[in-house]
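Visitor: Pasting a structure here, questions to come.
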Amino acid sequence: MMIVVVVIFAICWLPQHLYFIIGNIYIQVKSFQGTQHVYLIIYWIAMSNSMYNPIMYCWMNARSALTPRSMAILCLITFIKRSMHFR
């Protein structure tokens, strides 16, 4: 599991680090048209790492594999109880 977490982290953050390294070596790259859009996409990829971690932990951890199903059932039961209370 740890290897998967590290690989996903590297995939998400490597483009941003490469962007800054290339931008510091070749300063004229930052003046190209569309650079802001490229940076925004790279930034979103880097920040998306926060979204992938809980998914990986839930998917790969045997003890928490039932958690999403249990949470869905609990929400459904709570919704049914509250809707019956208002009748």
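The values are calculated or read from the model by the stated rules, or taken from the named source; none is laboratory data. The model shown is predicted, which means the values in this text are computed figures rather than measured ones. Positions of Cβ are generated from backbone atoms using ideal geometry, with glycine treated the same way; all protein chains shown enter the neighbour counts.
Visitor: Can you report the number of residues in the stretch 1-34 which are more than 23 Å from the chain's Cα centre (by Cα) and among the β-branched types (Val, Ile, Thr)?
Guide: Of the residues in that region, 5 qualify.
Visitor: Let me ask another. Take the stretch 42-64 and flag every residue that is loosely packed, with under 12 Cβ neighbours inside 10 Å and either modelled with pLDDT under 75 or over 20 Å from Met2 (Cβ atoms) (or both).
Guide: Within the stretch 42-64, Trp44, Asn61, Ala62, Arg63 qualify.
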